[in-house]
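Read the structure below first, then the notes.
The values are calculated or read from the model by the stated rules, or taken from the named source; none is laboratory data. Since this is a predicted model, take the numbers as computed values, not measurements. Cβ coordinates were reconstructed from backbone atoms using ideal geometry, including for glycine residues, and neighbour counts include every protein chain displayed.
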Amino acid sequence: MKVLLIGSGGREHALAWKLAKSPLMTEFYAAPGNPGIAEHARLVSLNVEDHEAVAAFCVQKAIDFVVVGPEAPLVAGFADRLRADGLKVFGPSAAAAQLEGSKGFTKDICARYNIPTGAYQRFNNAPKAKAYIREQGAPIVVKADGLAAGKGVTVAMSVGEALGAVDDCFEGAFGAAGAEVVIEAYLDGEEASFFCLCDGKNALPLATAQDHKRVGEGDTGVNTGGMGAYSPAPVMTPEMIERTMKEIIEPTICGMAESGYPFCGVFFAGLMITAKGPELIEYNVRFGDPECQVLMMRLKSDLLPLLLAAAEGTLDKATAEWSDDPALTVVMASKGYPGPYEKNTPILSLPEAGEGAKVFHAGTSLKDGELVATGGRVLNVTATGRTVGEAQSRAYALLDKVEWENGFCRRDIGWRAIEREKA
Ligand code: AMP
Ligand code: GLY
């Protein structure tokens, strides 16, 4: 099978590493890829925003299957364009990708199909949004409706902060994404990520993970794309997984199909486990980054036929096997991230990772043959262990061998699970 993978981050390196092991793979391309992905696939310098160019490449190389990593191309209709040529694609249509592309769309699906989530209202002007906030009081959550690179959400602990967030949105802080605002009740509990493949009608639960969104240790400081993750998330007990499937995933699948937007791809449900049970914070329509890295470390089955089954509508016959051993990944980022940071800083040496360990490339490039850091999040140092504590020790031991002066990381990834293990 000839496969093209779209994307260039740590998530895509993990997907490439796993896909390349498939006995079904005959030719493997990635666009645009990164130096880590280049170990597994041939890199193609295609502009992914140019759907016509990608479609032409697929015809020229007789590509059988396209796997899309990030959300932006999906929201922009990339999968629809390729499917119009008869290509098989892993990833939802633009209409179905609204689950991530519009928070208001998702909240309306939740309301219509009784999916547990925070009570909400949608607004297209500041005065009405502010009146609602004053009526509801704090804490309260203000969200720009559209894609805002993870920055469009304010969890406001005071009414004043919430009112300020409304002004930010309508004054253009998030561009077109902030033209509409969702105001939502604050949910109290522990967060978890749940991943589930879907082929439009059937679902195959994958695994759970927990991310660390804040830049600082002890979950302090500003939000980032994610500074580290581990899988599984202990808060997602078998009972919670069953409830998530019944109360959240299955009604979403039905709702999307009934609305005329059957969902094919991966559901990444951001959940809050509250006193009442699992509640939906948000959907993403792609694997999490860095959650994907820990999922791929634990997946024992061949990934390629699973993604193919999601694209072909045969997930009812698919099963996935997972290692019981937890996996943990630590993100090394450029100093300054998520704010401004220096680019092209040299990474002098990366350690050899043995069995059950891997350094994934997230934001690296080759410059004159030397490896340099070009992104905010640059490396994902990943390891497995018999416990989260052991996976953490192995990951940090590996990380300490990375020679990259401009890098930093959090030193406490996995702390919640490790506290539980000690208790
Ligand atoms: P999102 O970009 O939707 O993932 O939101 C970013 C973060 O904001 C989430 O990971 C949560 O920590 C927090 N958040 C979003 N919605 C809520 C909510 N209704 N209640 C509490 N926290 C929330
Ligand atoms: N790590 C969170 C995300 O991928 O959105």
Inset, instruction - Would you confirm whether any residue within the range 4-22 is over 26 Å from G226 (Cβ atoms) and part of a helix (DSSP H, G or I)? - result: no
Inset, instruction - Filter the range 166-182 down to residues that are part of a helix (DSSP H, G or I) and either polar (S, T, N, Q) or farther than 20 Å from A131 by Cα (or both), then give me how many there are. - result: 3
Legend entry - Flag if M272 is within 16 Å of ligand 1 (Cβ to nearest atom), of a type outside the set (K, R) and in a strand (DSSP E or B): yes
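Could you please give the count of residues in the range 122-131 that are more than 20 Å from A176 (Cβ to Cβ) and surrounded by 17 or more Cβ atoms within 10 Å (Cβ to Cβ)?
Narrowing the range 122-131 to residues more than 20 Å from A176 (Cβ to Cβ): 127, 130-131.
In the following step, the residues that additionally are surrounded by 17 or more Cβ atoms within 10 Å (Cβ to Cβ) were identified as 130.
So the count comes out to 1.
Being of a type in the set (F, W, Y) and more than 16 Å from ligand 1 (Cβ to nearest atom) is the filter; apply it to the range 88-122 and report the residue that is nearest to G7 (Cα to Cα). Steps first, answer last, please.
Going through the range 88-122, the residues of a type in the set (F, W, Y) turn out to be 90, 105, 113, 120.
Checking which are more than 16 Å from ligand 1 (Cβ to nearest atom) leaves us with 90, 113.
Values: F90: 13, Y113: 33 Å.
Checking each candidate, the answer is F90.
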Legend entry - Pairs, first near ligand 1 (Cβ under 8 Å from one of its atoms) in the range 149-167, second among the basic types (K, R), C-beta under 9 Å, six or more apart: G150/K213; G152/K103; G152/K143; V153/K103; V153/K143
Inset, instruction - Pick out the one residue from L82, L147, L163, L99 that is within 13 Å of N284 (Cα to Cα) and assigned to a helix (DSSP H, G or I). - result: L99
Legend entry - Per-region count, the range 329-363, residues outside any loop (DSSP other than H, G, I, E, B) and surrounded by fewer than 15 Cβ atoms within 10 Å (Cβ to Cβ): 2
Legend entry - Extreme residue, farthest from ligand 1 (Cβ to nearest atom), among residues of the range 229-259 that are under 23 Å from L147 (Cβ atoms) and buried (at least 18 other Cβ atoms within 10 Å of the Cβ): I253
Legend entry - Number of the condition not met by S45 [criteria: (1) under 15 Å from C264 (Cα atoms); (2) in a loop (DSSP other than H, G, I, E, B); (3) at pLDDT below 95; (4) not β-branched (V, I, T)]: (1)
Inset, instruction - For the range 128-136, state whether one or more residues are in contact (Cβ under 8 Å) with a residue 24 or more places away in the chain, out of contact with any helix residue (DSSP H, G or I) (no Cβ under 6 Å at 6 or more places or on another chain), assigned to a helix (DSSP H, G or I) and away from ligand 1 (no atom under 16 Å from the Cβ). - result: yes
Inset, instruction - Check off (1) closer than 30 Å to A79 by Cβ; (2) in contact (Cβ under 8 Å) with a residue 60 or more places away in the chain; (3) not in a loop (DSSP other than H, G, I, E, B) for Q121 and give me the number that stays unchecked. - result: (1)
